[in-house]
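Read-outs: derived from the displayed coordinates by stated rules, not from any lab. Predicted model, so just to flag it, every value in this text is computed and none were measured. Here the Cβ positions follow ideal geometry from the backbone for every residue, glycine too, while neighbour counts run over all protein chains shown.
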């Protein structure tokens, strides 16, 4: 029962749509109607600016970090904490609080989970993200590279095999949530880092 409650808590915390709440109730803007329509950091930055985007980023990271660290200490099991983390990301990507379960991309939330599972691998994943972003100018490409790098780094660092296998869910969920971005990149329609969204530009 304890495990079930932790997993349930993980989903609901992950499902909190921070980007939508910040945008709608503090900036009087329905972020789902602008730019890509996503509630994550990147679309908030393009639409509302860097300060609200940073706030959303921090909140989304905490959404991943808090359930995972709680699971680790309450259940005293890194594999179970990893499962709780994966459920948290799933909740963020498919939020029960949003119409049609349309949540975020889960990258910031994945970072929060990764920090608990392996702080070093999480930092090194950010090291992968930065140059890929600089080279391609696409946040989505940098994000995908980072989530793919994380379990690889976990393997290289010889982390627990079971935790490594569970961590494979992070790139899987990341790629699935970015499938539209991948299509736009391939067709040359993806917005590059720093591009702004006009307030009347709808999805």
Practice task
Compute the semi-axes of the equivalent ellipsoid of the stretch 2-187, taking the square root of 5 times each eigenvalue of the Cα gyration tensor, and list them largest first in whole Å.
Solution key: 25, 20, 13
Problem - Where labels lie 7 Å past Cα in the beta-carbon direction, separation of residue 137 and residue 73 in nm - result: 4.5 nm
Fill in the blank from the handout: Relative contact order as a percentage, the chain, C-alpha pairs under 8 Å and 6+ apart, gives 24 percent
Practice task
Provide the packing ranking of 36-48, 93-105, i.e. peptides ordered by the mean count of other C-beta atoms within 10 Å per residue, highest first.
Solution key: 36-48, 93-105
Exercise for the section: Could you work out how far apart the two model spin labels at residue 102 and residue 2 are, taking each label as a point 7 Å from the Cα in the direction of the beta carbon, and quote it in nm? Expected result: 4.1 nm
Handout entry: Gain on full stretching of the segment that runs from residue 189 to residue 168 - 0.36 nm per residue minus C-alpha separation
Key = 4.7 nm
Completion exercise
In degrees, nearest 10, the alpha-carbon axis of helix 2-14 is tilted away from the dominant principal axis of the alpha carbons of the chain by 20 degrees
Exercise for the section: Starting with the fewest neighbours, write out 160, 30, 60 ranked by other beta-carbon atoms found within 10 Å of each beta-carbon. Expected result: 30, 160, 60
Fill in the blank from the handout: Going from the fewest other Cβ atoms within 10 Å to the most, one would list 127, 61, 185, 139 as 127, 185, 61, 139
Handout entry: Using alpha-carbon coordinates, inclination of helix 107-117 to the longest axis of the chain, degrees
Key = 20 degrees
Exercise for the section: Sort 78, 1, 154 so the one with the fewest other Cβ atoms within 10 Å of its own Cβ comes first. Expected result: 1, 78, 154
Exercise for the section: Just report the Cα centroid separation between the stretch 115-181 and the stretch 7-37, whole Å. Expected result: 23 Å
Handout entry: Largest-first ellipsoid semi-axes for the stretch 98-172, taking √(5λ) over the Cα gyration tensor eigenvalues, angstrom
Key = 20, 17, 9
